[in-house]
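Presented below is the structure to which this report refers.
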Amino acid sequence: MLGEYMVTGGRAADIAASVERGVGSGELAPGQLLPPMRELAARLEVNPNTVAAAYRTLRERGVIETAGRRGSRVRPRPATTTRGSMRIEAPPGVQDVGKGNPDPALLPPLAEAFAEAVRTSDENPGMYGELPVVPEFDALARAAFAADAVPEGGIVVTSGSLDAIERVLAAHLRAGDAVGLEDPGWGSLLDLIPAIGLRAVPVGVDEDGPLPAAVERALGAGVRALVVTARAQNPTGAAIGARRAEELRTLLAAHPEVLLVEDDHGHAFVDVPLHPLAGATRHWAMVRSVAKAYGPDLRVAALTGDGVTMDRVAGRQRLGPGWVSRLLQRAVVHLWSTGAVDTASVARSYGERRSALVAALADRGVVAYGRTGMNVWVPVSDETGAVAGLLRAGWAVAPGARFRTDTPQGVRITVSPLTPDDVGPLADAVAAVAGPARPISYG
């Protein structure tokens with residue numbers, strides 16, 4: 001059952017650590033069946049309750065999954081093997097179009113913003129017991145949400161979108177609960193869910209976002225939460241339009257106890273309008289990171305939501321980090337208030353690159369998607385072969401396995417580094433390796 005790998009340990013923590021070591025080293029492969037608890041207990045000469053506790057710990061950490069009488073297995077993509085490790089490092093002479101970073105030339109300079117933040121801090125040093133959210137940050141974030149018809153709610157500042165999403169899920173869910181996630185979707189989120197003991201239910205997407213039929217199936221299957229991307233969906237570039245938003249709101253209204261989490265990381269670098277779903281259910285949250293528009297290293301996001309959710313998130317944050325640095329908040333306030341990012345210009349720049357690549361691929365008979373944002377998703381028939389072939393041709397792309405669960409194979413191309421002269425050669429290289437592939441409409 002375990003081959004030559006021997007699980008060891010006399011305590012639950014030691015047994016769990018032994019299994020994790022086997023998974024991390026590759027000696028226990030994804031899908032590997034673990035011994036029944038009584039059998040392993042007899043082998044290790046411990047109480048079956050000890051093994052049961054070890055298996056419970058492994059489930060909560062996302063290392064294994066249990067399917068009743070079919071036993072416990074190593075997860076197909078265990079949390080100890082992150083999707084982030086599925087990246088292709090570009091050797092010398094190879095252009096990297098797989099990292100998902102913004103174009104540095106489109107990010108605003110930060111020196112003035114931080115100088116102003118430091119000057120303010122020198123005059124009034126931040127201390128314990130002060131408000132966790134700088135009043136100016138609160139006001140500007142509230143005004144921006146209100147301008148996009150997001151229902152009124154409190155403001156919490158988090159260290160980026162993933163931090164916000166994890167805190168919101170932790171405020172309402174418990175180990176074993178099911179969460180609907182876009183497929184293909186954000187790889188870090190697909191890693192996070194099992195790592196915090198939750199169970200992912202794939203929700204197919206098209207260029208307008210989550211498919212209503214897929215959302216309906218997930219809701220019918222009993223998901224306790226649904227996480228969606230409003231605009232610039234990673235990796236497909238999908239954006240939820242007015243009609244799709246209305247369809248999804250109608251579905252969600254029939255399940256008012258489901259937690260809705262919206263990620264609007266496209267704010268300030270995408271020019272398509274926001275169509276929020278917020279308010280369709282009793283508990284909801286929307287997060288806006290500044291990473292893509294202002295710089296990934298700022299690690300700041302504005303989070304709003306219903307009163308219960310915001311109270312729980314803020315209360316738990318006070319017991320951990322306390323607050324996100326007010327220096328960072330004040331720097332973001334300066335960037336926001338001075339209009340440091342020309343959203344229309346930035347969106348146009350990314351849009352021109354996406355459109356040029358998608359059109360060039362279409363001319364070569366290759367279907368590709370990239371409605372908004374900085375990425376283009378290309379379905380392929382053989383993902384491994386496509387990635388390897390593109391690497392040989394001088395292009396490092398992101399393997400689709402980082403972003404998908406049940407959906408067909410593909411690769412993600414980030415357009416940020418592309419110049420007009422790059423588009424033709426890249427399209428030629430993709431066309432040479434893509435092969436016949438299903439169009440995106442994963443339902």
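Quickly run through the range 17-31 and pick out the residues that are within 24 Å of the chain's Cα centre (by Cα), surrounded by fewer than 19 Cβ atoms within 10 Å (Cβ to Cβ) and either part of a helix (DSSP H, G or I) or free of Cβ contacts under 8 Å to residues at least 24 places away in the same chain (or both).
GLY24
Quick check: is even one residue across the range 48-64 of a type in the set (Lys, Arg), within 30 Å of ALA396 (Cα to Cα) and either in contact with a Cys (Cβ under 6 Å, 6 or more places away or on another chain) or modelled with pLDDT under 85 (or both)?
no
Please pick out the residue among LEU192, LEU226 that is under 14 Å from the mean Cα position of the chain (by Cα) and assigned to a helix (DSSP H, G or I).
From the options LEU192, LEU226, the qualifying one is LEU192.
Quick check: is even one residue across the range 252-264 hydrophobic (A, V, I, L, M, F, W, C), in a helix (DSSP H, G or I), over 18 Å from the mean Cα position of the chain (by Cα) and surrounded by fewer than 24 Cβ atoms within 10 Å (Cβ to Cβ)?
yes
Which one is farthest from the chain's Cα centre (by Cα), of the residues in the range 265-312 that are of a type in the set (Asp, Glu) and at pLDDT 95 or above?
Selected residue: ASP311.
Regarding GLY180, is this residue touching a residue at least 60 places away in the same chain (Cβ under 8 Å) and within 25 Å of the chain's Cα centre (by Cα)?
Here the answer is no, as GLY180 does not meet what is asked.
Give me a count of the residues in the range 337-350 that are touching an Asp or Glu at 6+ places or on another chain (Cβ under 9 Å) and not hydroxyl-bearing (Ser, Thr, Tyr).
5
The values are calculated or read from the model by the stated rules, or taken from the named source; none is laboratory data. Everything quoted here is computed from the prediction, not taken from an experiment. As a convention, Cβ positions derive from the backbone with ideal geometry for all residues, glycine included, and neighbour counts pool all protein chains shown.
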